[in-house]
Every structure is written in C-alpha cells, then in structure tokens.
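For reference, the structure discussed in these notes is given below.
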Amino acid sequence: MVDAVIIGGGVCGCSLLYELSRYQISAVLVEKENDVSVGTTKANSAIVHAGYDPHPGTKMARYNVEGNALIKELCAKLDVPYKQIGSLVLAFDAEQDALVRELFERGTKNGVPDMRVLTAQEVWEMEPNVSREVTSALYAPSAGIVSPWELAIALAETAVKNGAEVRLNSEVTAIEKIDGGFRVTAGGEAIETRFVVNAAGIWSDRVHDMVNAHAFTVTANKGEYYLLDKSQGTLVSHVIFQCPSKVGKGVLVSPTVHGNLIVGPNAEDAEKGDLGTTGEGLAFVKKMAMRSVPNIGFRDSIRNFAGLRANTEIDDFLIGETEQKGFFDVAGIKSPGLTSAPSIARDVVRMLGEAGLPLKAREQFIDERRVVRFKHLSHEERAAAIARNPLYGQIVCRCETITEGEIVDALHRPLPPCSVDGVKRRCGSGMGRCQGGFCGPKVQQIIARELGIPQEQVMMDRAGTAIITGETKMGGRAE
Ligand SMILES: Cc1cc2nc3c(=O)[nH]c(=O)nc-3n(C[C@H](O)[C@H](O)[C@H](O)COP(=O)(O)OP(=O)(O)OC[C@H]3O[C@@H](n4cnc5c(N)ncnc54)[C@H](O)[C@@H]3O)c2cc1C
C-alpha cells in the first residue's frame, strides 16, 4: 500500500507531489494524458496575481497572496521562466475609479504589498501605449508572469528526482474504500493507498463522486486568447487588466515570459473538453483589449487558444477532507489557481499530516534544477556548451533558437516527453512565428531516435494525434 495517490498532473497535482516528496513517504501521481500540465495548466493567462481581487477571508485570498511569494522562490530554485513585472488595473470612468479604490482596500486587507492608486498621467508615464481614456489605475508591483507548464513540469521532475512516482496514461476510472485506505483503479491497474488527493481540474466532480456522495458540480467556462509575435511583445511592460466583473478578471494585455504578447480571455460557459476558439469570442477579446491598448497589431497573431475554468456553485476553492476519511478534494481551482497552487499544496500536506500521514523529512531533498537555454547564454558560455556537447551547436528551431542539445536534454530529464508538443513545453521549440512548421519533423525524428521508437509512434500531442502513419520519402529516420 502506498501512502498517497494524487489524481491529476496539473499545477495543483504537481505542486502537491513536489511538497510530498520532501518526506519519507511513497507518493504516486496519476494523470490520464501522456504528459503533465496539459489540462487548464497549459491554457491560461499565465499571470502570478498579486491578490487584490479575491474577497478577504476567502481561501482564494489567502492562497493567492502566499502563492505569489512562493512562486517567485520556486521559479528561482527550479529554473522556471518568471518575471515580476507588476500589474495595472485600468479604470475608464468614475464608477471604475471607485472599483479601483475598492480593489486597493481589498488588497490591503489580503496583505498585498506596495500597491498604489495611480493618476492617468502616472499610468501613461509607465505605459505610453495605454489608452488616453484611462482615468486611474491600481498598480500592484508584486504581480508577475510565469511559464505555467514549465512550472508544473519542474515541480513534477523535482518530485521524481526525490523518489516520487508519476504514472502517465493512467486515467482513474474507479475508487473503492478498503480497510485502511482506498483502491484506486488508474490506467486499468489497481493502486492501494492510505490517502487520495483529487486534483482532477474540470473533472474533479466526477472523481469526487467515485467514492463520495455528490457534493458539487464543475461547470466549464471557456476563455479564448490571442498570442502575438514577439514584434508586439514590448507594447506594454506590465500586465494590463481591466476592472473585474462577476464573470472574471476582464480582458488583459500582457507580455509573456517568452517575449510574446498575450491578449484575452473572454468568459463563456462551455462543454467540458471544448477547447475550440470562435470568431465571436475572439472578436470580443479584440474589441475589449483595444479599449486598454488601442494599437495592438493583431495581424501579428501567431496562435489562438482556449482554456477552461473549473467553476463550481461557490465562489471559492473547494479544498479539504471529504466525508470519506483520507480522501481530499483540491477542486474548483479556477483563477487564481495557478498562483495559489504552491500554497494550496503546502496546506494540503499540513492537512494530510494532521490526518495521520507521517511527515518525516527526507534527509537529502534535492531542491534545485538547472536547464540549458542556449539563446540566453553569452558567446563564451555558448562556445563552452558546444565544446561540451556539439549538439548545442545545431539549431533545430530557428524562430526560437532552440538547439538539438536542449531537445535531447529534455528527452532525458526525469519526466521525459513523448510528443512534439511535450518537447515544445520543455524547451520552446515550435513556439515561434512558424509554430513548428519547419522544426516539427526534425523534432519528431529526434524524439524517435532518443526514445528508440518508430517515428510514426511520435504523437503531435495527446494519444491519437499521429503526425505520420508510415515512412516518408526521407526514410523517416533521424540521421
Ligand atoms: C482562461 C483562464 C485563465 C486563467 N488565468 C490564470 C492566471 O492568469 N493566473 C492564475 O493564477 N490562474 C489562472 N487561471 C486558473 C489556473 O489556470 C487553474 O486554476 C489551474 O491551472 C488549475 O490547475 P489544476 O491542477 O487544478 O487543473 P488542471 O491543470 O486542469 O489539471 C487537472 C489534471 O487532471 C487530469 N485528470 C482529470 N481527470 C482525471 C482522471 N480521472 N484520472 C487521471 N487524471 C485526470 C487532467 O488530465 C489534468 O491534467 C486561469 C484559468 C483559465 C481557464
């Protein structure tokens, strides 16, 4: 019997696995897809929120502010792209000026540091491309931007290095109460465990109901985005929000940690699993964004995508032990769930400890990770890297300057990817202007070579997304 099974490899599940791997216990994360971070964790605004938005006293408020500080530390330790660029919430009239002041009050109560209410003039001095219609803004310097999928992957990799287990392609289909714990059926295999944590994102109601009475329903709410080329990446230098409303935090315009500009999201109820973008949704996003920053060059859009919020009946996270002793929900984790995940994880570990999980610290906990990012190296460092491994001298992705050495490194890290998009999430190949049009086949060849599998078995992304069905004219083999 293992000590704990975590269901779901999003940022919440991976944060929890990382925190549990500090202790001398056996923890297994089961994920239904072929990689971690492929649910809502890979499709969101990627903002590390400051924490003025949630109402004081809520779980969201507490975890948001704590998570904001923790993410900064984690990203430094685990070498995850993060930038503390600060955020502005723009007001456009007297009613919104009042809302900005209310957000300032809320933030103060929540413990958000160093906020200020700015005049329109101060806003334009900080952000010359912001609309001349602005009347005031809330400035929160502790807000940041992060690579959400790289954060989840780094946490999972570190947990694996410390002895935790990740089982991919392992959908949980049944959970049974047994003596002293649970029998979880994942990927057709039974795992007996003392504790279960349900971090299954938009499917967390279904997982909860496998062994508990129905208590909540997750409704998916879709947010659609534009991702713009790096030519637009410096249009603004802070996260530019509009005033929040009942349906969400409004449409934002922000640089990304990878140097692009992200614009979105809208908020529309959707079917679970419906990740399609719509002309109507994107037109709304465009119109709203141009209210904040009128000269966004939408012609430089390189991708549209959508993410699904895990809304429930209550306007807060659902975290804690259920009626089944030993079963914990981490459910309804909508925004600011990315920011909150590290703090939620610490709190759930505390709860597991109180419920009887022995938390004896591992003697040699590995708590650092370094990744070669060739394009960020100096000339001298590049020369040294190539001397060490000539594959760093082969550029595979020209848009993003990603080398074969980095791709090979990713394929031999503790939680190796098995798809072209899995490699993309780890090293950024295919994230540029051509969106993998040129480097995709080469990446596919490298994956096949390094994993020792036929090229036709290399998927674009999840199971069933085959790229080729047989050998190509080139012979389909890596040189
Ligand atoms: C449009 C949008 C914008 C957002 N912007 C921000 C933001 O800027 N900042 C912020 O802090 N938060 C933001 N969020 C919220 C944040 O993205 C989420 O709270 C967070 O990613 C949730 O992580 P998770 O681990 O709970 O869920 P997920 O990432 O969805 O992970 C759940 C995992 O469980 C797996 N799973 C499901 N069922 C099973 C099963 N039966 N067996 C095994 N595995 C299973 C899924 O495959 C998935 O990988 C945003 C959300 C959306 C939708």
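The values are calculated or read from the model by the stated rules, or taken from the named source; none is laboratory data. Remember, predicted model here, so these are calculated numbers, not experimental data. Neighbour counts run over all protein chains shown; Cβ positions are idealised from the backbone, glycine included.
Determine whether residue 474 is at pLDDT below 95, surrounded by 13 or more Cβ atoms within 10 Å (Cβ to Cβ) and not assigned by TED's automatic domain parsing to the domain that holds residue 73. The answer is no for residue 474. Look through the range 28-70, keep the residues that are in a loop (DSSP other than H, G, I, E, B) and more than 12 Å from the ligand (Cβ to nearest atom), and return whichever of them is nearest to residue 317 (Cα to Cα). Per the stated criteria, the residue is 58. Within the range 203-223, being crowded, with 16+ Cβ neighbours inside 10 Å, of a type in the set (Gly, Ala, Ser) and not in a strand (DSSP E or B) holds for one residue alone: 204. The set of residues from the range 304-317 being surrounded by 14 or more Cβ atoms within 10 Å (Cβ to Cβ) and either free of Cβ contacts under 8 Å to residues at least 24 places away in the same chain or away from the ligand (no atom under 11 Å from the Cβ) (or both) comprises 304, 312, 316. Out of 400, 381, one residue alone is in a loop (DSSP other than H, G, I, E, B) and closer than 29 Å to residue 447 by Cβ. It is 400.
Residues in the range 318-349 that are in a helix (DSSP H, G or I), buried (at least 21 other Cβ atoms within 10 Å of the Cβ) and of a type outside the set (Val, Ile, Thr): 7 in all.
Look at (1) within 16 Å of the ligand (Cβ to nearest atom); (2) charged (D, E, K, R); (3) more than 24 Å from residue 42 (Cβ to Cβ) and you find that residue 360 fails only one, number (1). Evaluated against (1) among the aliphatic types (A, V, I, L, M); (2) more than 26 Å from residue 151 (Cβ to Cβ); (3) in the same structural domain as residue 64 (by TED's automatic domain parsing), residue 319 falls short on exactly one condition, (2). Going through (1) in a loop (DSSP other than H, G, I, E, B); (2) of a type outside the set (Ser, Thr, Tyr); (3) touching an Asp or Glu at 6+ places or on another chain (Cβ under 8 Å); (4) within 12 Å of the ligand (Cβ to nearest atom) one by one, residue 25 falls short only on (4). Return yes or no: is residue 240 buried (at least 22 other Cβ atoms within 10 Å of the Cβ) and closer than 28 Å to residue 34 by Cβ? No: the conditions fail for residue 240. Checking the structure you have, find out if any residue of the range 391-410 is surrounded by fewer than 14 Cβ atoms within 10 Å (Cβ to Cβ), more than 28 Å from residue 162 (Cβ to Cβ) and not aliphatic (A, V, I, L, M). Yes, the range 391-410 has at least one match. Taken as a whole, the condition of being buried (at least 18 other Cβ atoms within 10 Å of the Cβ) and closer than 23 Å to residue 60 by Cα applies to residue 107.
Taken over the range 181-202, the residue count meeting the criterion of being part of a loop (DSSP other than H, G, I, E, B) and either under 27 Å from the mean Cα position of the chain (by Cα) or not assigned by TED's automatic domain parsing to the domain that holds residue 322 (or both) is 3.
Specify the residue that is modelled with the lowest pLDDT; the eligible residues are those in the range 243-277 that are touching an Asp or Glu at 6+ places or on another chain (Cβ under 7 Å) and assigned to a loop (DSSP other than H, G, I, E, B). Taking the candidates together, the pick is 249. When the test is whether a residue is part of a strand (DSSP E or B), modelled with pLDDT of 95 or more and within 30 Å of residue 433 (Cα to Cα), residue 305 passes it.
Of the residues making up the range 67-78, just one is within 15 Å of the chain's Cα centre (by Cα), of a type outside the set (A, V, I, L, M) and more than 17 Å from residue 112 (Cα to Cα), namely 75. From the list 391, 415, the one residue that fits, being assigned by TED's automatic domain parsing to the domain that holds residue 453, touching a strand residue (DSSP E or B) at 6+ places or on another chain (Cβ under 9 Å), at pLDDT 95 or above and part of a loop (DSSP other than H, G, I, E, B), is 415.
Against the numbered list (1) surrounded by fewer than 22 Cβ atoms within 10 Å (Cβ to Cβ); (2) at pLDDT below 95, residue 436 comes up short only at (1). The residue of the range 207-230 that is farthest from the ligand (Cβ to nearest atom), among those that are closer than 23 Å to residue 344 by Cα and within 22 Å of the chain's Cα centre (by Cα), is 219.
Considered as a group, the residues in the range 148-180 that are surrounded by 22 or more Cβ atoms within 10 Å (Cβ to Cβ) and assigned to a strand (DSSP E or B) include one that is nearest to the ligand (Cβ to nearest atom), and that residue is 172.
Among the basic types (Lys, Arg), at pLDDT 95 or above, more than 16 Å from the chain's Cα centre (by Cα) and surrounded by fewer than 18 Cβ atoms within 10 Å (Cβ to Cβ): is that true of residue 62 in this structure? It is false that residue 62 is among the basic types (Lys, Arg), at pLDDT 95 or above, more than 16 Å from the chain's Cα centre (by Cα) and surrounded by fewer than 18 Cβ atoms within 10 Å (Cβ to Cβ).
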